[in-house]
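Take a look at the structure set out below.
Laboratory data are not the source of any read-out in this text; all were calculated from the coordinates shown. Everything numeric here is computed off the predicted structure, so don't read it as measured data. Cβ atoms come from the backbone with ideal geometry, glycine included; neighbour counts cover every protein chain shown.
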2 protein chains.
Amino acid sequence: MRRPINFNAGPATLPLPALERARAELLDFDGTGLSVMEHSHRGQAYEAVHNEAIALLRELLSIPAEFDVLFLQGGASMQFALVPMSFLPVGGSADHVVTGAWSEKAHQEAAAWAGIAGARARVAGSTKESGFTRVLRADEAQLDPAAAYVHFATNETIHGVQYLETPTFGRAPQVSDMSSDFLWRKVDVAPFSLVYGGAQKNIGPSGVTVVLARKAFLERGRKDLPKILQYRTHAEANSLLNTPPTFGIYLVRNVLDWIKTCGGLDAIEARNRAKAAELYGAVDASAGFYRSPVEVGSRSVMNVVFRLPTEALETRFVEEAGRAGMLGLKGHRSAGGIRVSLYNAVEPEWVTVLVSFMKDFAKKAG
Amino acid sequence: MRRPINFNAGPATLPLPALERARAELLDFDGTGLSVMEHSHRGQAYEAVHNEAIALLRELLSIPAEFDVLFLQGGASMQFALVPMSFLPVGGSADHVVTGAWSEKAHQEAAAWAGIAGARARVAGSTKESGFTRVLRADEAQLDPAAAYVHFATNETIHGVQYLETPTFGRAPQVSDMSSDFLWRKVDVAPFSLVYGGAQKNIGPSGVTVVLARKAFLERGRKDLPKILQYRTHAEANSLLNTPPTFGIYLVRNVLDWIKTCGGLDAIEARNRAKAAELYGAVDASAGFYRSPVEVGSRSVMNVVFRLPTEALETRFVEEAGRAGMLGLKGHRSAGGIRVSLYNAVEPEWVTVLVSFMKDFAKKAG
């Protein structure tokens, strides 16, 4: 059976070999006669998978030794709360850069915690007034030199806005939501103190959150919180403080292994850049029928958003594309328009099919 | 291939039909051509599974309409923190009944939060001095009549201690960790305000936490917390506030459907009681070679713990049983001895094999 063309924003399409591997050994993991999800998280069979996933992440991203690699739960949304709980000291302040729906939500959650903890979560800069159509330059931010950290999102999944180069917001520790930015290229994590992301974009299924963080930064986290809310305790326990989402982490392992088999992140990046170039090219070559609201220098390689002349045409576009076997093209309900997510497992051929459909649709409707 | 006999305490053995169903449709869920984990959590295909899982839980447990059914993440350990965060008011106090390692940990996490929030988490009663070998009777607890809630664990997975009848600790709302107690019989949730449990015992894979709670109780929760930490927001969003662990919830659906196919919880309970009776019978008939440290009225139907005359014999027992194809018999490192978890998917025949092994072992070594 031919797989549908899946442009979902997350949970997203997964590499077929990673899924086929999961199916092949679903009832018999590694010759044990048990499903991997029936193994104890304290047993050798699972721990080997767990440690292999961590080692593969370290290898693919060349993560420095002074960083911990954690697998947590709750998605990026849980990190929106856990980061200020650990790193926003009583009487302290954190700076937030807001460039889309997710970094805005991160600020709201931090502000809620700040209200409880007697601290502050400032908006150091925002592109909301211009409709989140570009990233904020570091020199536009009104930074607090005493900020405990600066939080921003390197890619905004809903608004299709991405930092194509890692910015530097002052000298405070940089903390970033990289959910839809993780692992489509070899990002250097050295400029950051902590980055996090939900797995359900490029890393695996939903239910696993990846955190990469400097050990020294984690050590500074608030120590009187319940242990389950502290990064430190998870780091000390190698993400086995309590039962982790074992099957999800197993699938992460499969996906990471697939990336390695593809030639690693440099090869994956070239493939992704070619997909995005083809799609943005089609938008720009449509004589205004398709319009990207995002400034050229901020256009996301992972989440391509564009508009059609009317909302009615956008609805028709999504419907007709659906009948042609293309799923997940409807923009987020808060933003409207069309969104095409081009995560690693999206085949280049799928983009070619979409671009061809776009040309036909514009000719017919334009 | 014959499945190994798996007595793991969790992640535990899962019903073969639930796993086979997952394997059969891993690459093509419900004729969609996609894995269920590649579907959007906002799409019809996944939402149908999500709502079916909730409906099956409601049906199997006859959950009253005034209760919400939530799927969260982070395991029971995360609930240890979230419960006091929502329900322990500033200046207030919660009562904890401690009957084993897990209810003790729940108290420690609540006490940490109480320290931050300016509240108290009292130990209203504990069986620690006697080594957690029995539950605490309600009349033994020193309850605070003004307590915001009373927390206890209906079953202690490590110490093998279980409330065979639901106790009533005063008039405060009753909150309970039921992780290893969920769904092996038809428990009435009406005496509780909130119960929770990690799925990885009787409900599904690790990475999903089930919460059943009175709507009115959730409504009283603290409203200034970050939204991701509030039960209310998850309830309002039908557990779709952010991306849920979709594949885990899909497997929960499969497991619940299997329970229904087996004849529901009454049939499952009869099966479980027979397994436990056979195993405790073998312990009691061994002329003291095997000794249950747990008082008869507190013996868990789900987690049977027993000791042998020496630790050396216990080690040999686990090793020889392992060679005979029986896994997961080693007691928790904090408790020692042998632990046999008899969750729903443990086949009665497996217990018969174990009992036969126990008789032979005692004869040889006794």
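The table below lists the values:
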| quantity | calculated |
| --- | --- |
| Candidate lysines for bridging to residue A:105, where Cα separation is under 30 Å - those fewer than 8 sequence places away on the same chain excluded | A:128, A:186, A:201, A:215, A:223, A:227, A:275, A:330, B:215, B:223, B:227 |
| Environment charge of residue A:98, counting only residues whose C-beta is closer than 13 Å and scoring Lys/Arg +1, Asp/Glu -1 | -3 |
| Point-to-point label distance, residue A:313-residue A:238, nm (Cα→Cβ direction, 7 Å offset) | 5.7 nm |
| Anisotropy class of the stretch A:280-366 from Cα gyration tensor, a/c 1.5 cut | rounded |
| Amide proton proximity set for residue B:68, modelled H, under 5 Å, gap of 5+ | B:213, B:214, B:215 |
| For chain A, the longest site-free run once GluC sites (Glu not before Pro) in DSSP loop states with at most 14 other Cβ atoms within 10 Å are removed | A:166-294 |
| A:49, B:340, A:353 arranged by Cβ crowding within 10 Å, fewest neighbours leading | A:353, A:49, B:340 |
| In Hz, Karplus ³J(HN,Hα) per residue of the stretch A:342-350 (6.51, -1.76, 1.60; θ = phi - 60°; x = Gly, Pro) | 10, 4, 3, 7, 6, 6, x, 4, 5 |
| Cβ-based net charge around residue B:24, under 13 Å, with every Lys or Arg adding one and every Asp or Glu removing one | -1 |
| Calculated from backbone phi, Karplus (6.51, -1.76, 1.60) coupling profile of the stretch A:36-47 in Hz, x at Gly/Pro | 4, 7, 9, 7, 5, 6, 9, x, 4, 4, 6, 4 |
| FRET E, pair residue A:260, residue B:296, Förster distance 56 Å, beta-carbon r, rounded to 0.05 | 0.50 |
| For chain B, built as a Gaussian network whose Cα springs stay under 10 Å, the top-fluctuating residue of B:341, B:298, B:179 | B:298 |
| Anisotropy class of the stretch A:133-291 from Cα gyration tensor, a/c 1.5 cut | oblate |
| Shortest-first nm distances, residue A:322 label point to equivalent points in other copies (7 Å, Cα→Cβ) | 5.3 |
| Chain A: C-alpha gyration tensor shape, a/c 1.5 cut-off, then a/b vs b/c | oblate |
| Amide hydrogen neighbours beyond the local backbone of residue A:34, cut-off 5 Å, H modeled | A:29 |
| Alpha carbon centroid spacing (whole Å) that separates the stretch A:1-32 from the stretch B:292-313 | 42 Å |
| Distance (nanometres) between label positions extended 7 Å along Cα→Cβ at residue A:277 and residue B:164 | 7.3 nm |
| Within-11-Å neighbourhood charge of residue B:202 [Cβ basis; K, R +1; D, E -1] | +1 |
| Estimated 222 nm signal from helices in the protein assembly as shown, with DSSP H stretches of n ≥ 4 weighted -39500 (n - 2.57), rounded to 500 | -12000 deg cm²/dmol |
| Sites residue A:20 and residue A:44 - FRET efficiency at Förster radius 30 Å, r taken between beta-carbons, to 0.05 | 0.75 |
| Mean Cβ neighbour count within 10 Å, used as a protection proxy, ranking A:204-211, A:84-91, A:72-79 highest first | A:204-211, A:72-79, A:84-91 |
| HN-Hα J in Hz across the stretch A:270-286 - Karplus 6.51, -1.76, 1.60, θ = phi - 60°, x for Gly and Pro | 4, 4, 5, 5, 5, 4, 5, 4, 5, 6, 4, x, 5, 5, 5, 8, 8 |
| Under 5 Å, built H, 5+ apart or other chain: amide partners of residue A:330 | A:339 |
